[in-house]
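Enquirer: Here it is, the structure in full.
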Amino acid sequence: MKVGISSPIVTAVPGNVTAWEQTAGISELATIAEAADKLGFHHLTCSEHVALPTQVAEQRGGTYWDPLATFGFLAARTSRIRLATQVLVLGYHHPLAIAKRYGTLDQVSNGRLVLGLGVGSLEEEFELLDAPFGGRGARADDALAALRASLGVERPSYTGSHYTFDDVFVRPAAKQAQVPMWIGGKSAKSLERAVSLAQGWVPFGLDLAGYRSLLERIEQPAGFDVVLPVSGLDPIGAPEKAISKISATIEAGATIINASVRSTSAVHYVEQLEALASLVELENP
């Protein structure tokens, strides 16, 4: 079973963040990452927001660690676990900037990058970054195609509706010949985009019935990853319930679990990971 970790500390959404996370830093995160790596968990996550308006931050939280800096540090402290952006907002970046920056991360991590990518929905942040909000879906589709043409290629070339480039060097390029790309979202369109332009879907905000309904409506190709969340696991205190929740999520269509565990400290978090690893047979990254 492939089980990844929805990383603690790197975000602080009101109502979901624990007290210990609010004062924790890179040392605690590295301890957790090292333990997850040794235990055989599939991936760690880190999402992206650059600058949130205060009113929005009151709902979504204002803490979002930068994934490139965070994963650059964790890459040096781990050896197997994958590093999954969940998600980068395509409209905030030129595809070549993603290819260069995250291709370098793929090199320094020895080919462990997973690019989670999304269209984005926070209009205020688009405006702050002077990024076009209207037409962002079509722009994102073209960016995905441009990324597929660029990742792992030192001399990429692409001609599309929004992005065109040729006769350029992007070095270092990603180590992986095909960096896995997962598309975030919770709509049928996000799953369709993932099926046609990426290798996986990493949705949010639905219940299991909602995920199952979309997955039954839209056919996925062989080898396609469906990364579904399982939150609030307590493998030490309630192991049967943890197994039941994971099993139900797999039955809903998950091929990879994105897990979060209850914890009171970084040490407790590691203990919970150890207990979870003893309950399920982890498939190494």
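The values are calculated or read from the model by the stated rules, or taken from the named source; none is laboratory data. Predicted, not measured: the structure shown is a model, and the values here were computed from it. Note: ideal-geometry Cβ built from the backbone for every residue, glycine included; neighbour counts use all protein chains shown. Surface areas here come from the heavy atoms of the whole protein model, side chains and all, with no ligands, DNA or RNA. Shrake-Rupley method; radii C 1.70, N 1.55, O 1.52, S 1.80 Å.
Enquirer: Which pairs have Cβ atoms under 6 Å, sit 6 or more apart or on different chains, and link a residue in segment 47-71 that is surrounded by 13 or more Cβ atoms within 10 Å (Cβ to Cβ) to one that is assigned to a loop (DSSP other than H, G, I, E, B) and acidic (Asp, Glu)?
Expert: Sorted first by the residue in segment 47-71, then by its partner, the pairs are 67/48.
For every residue, the table says whether it meets (1) hydrophobic (A, V, I, L, M, F, W, C); (2) within 26 Å of residue 255 (Cα to Cα); (3) touching a helix residue (DSSP H, G or I) at 6+ places or on another chain (Cβ under 8 Å); (4) in a loop (DSSP other than H, G, I, E, B).
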residue	(1), (2), (3), (4)
30	yes, no, yes, no
34	no, yes, no, no
49	no, no, yes, yes
59	no, no, no, no
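Enquirer: While we're here: Write out, first by first residue and then by second, each pair whose Cβ atoms fall under 6 Å of each other, whose residues are 6+ apart or on separate chains, and whose first residue, in segment 206-227, is under 12 Å from residue 186 (Cα atoms) while the second is open to solvent by 70 Å² or more (accessible area, probe 1.4 Å) and not hydroxyl-bearing (Ser, Thr, Tyr).
Expert: 206/186
Enquirer: Among the residues of segment 110-164, which ones are without any contact (Cβ under 8 Å) to a residue 40 or more places away in the chain, open to solvent by less than 50 Å² (accessible area, probe 1.4 Å) and within 19 Å of the chain's Cα centre (by Cα)?
Expert: 120
Listed here are the residues, each with its yes/no results for (1) assigned to a helix (DSSP H, G or I); (2) of a type in the set (D, E, K, R); (3) exposed (fewer than 15 other Cβ atoms within 10 Å of the Cβ); (4) over 15 Å from the mean Cα position of the chain (by Cα).
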position	(1), (2), (3), (4)
189	yes, yes, yes, yes
192	yes, yes, no, yes
205	no, no, yes, no
215	yes, no, no, yes
220	no, no, no, yes
227	no, no, no, no
230	no, no, no, no
237	no, no, yes, yes
257	no, no, no, no
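Enquirer: Hey, could you check segment 165-187 for residues that are assigned to a loop (DSSP other than H, G, I, E, B), open to solvent by 10 Å² or more (accessible area, probe 1.4 Å) and closer than 26 Å to residue 260 by Cβ and say which is modelled with the highest pLDDT?
Expert: It comes out as 180.
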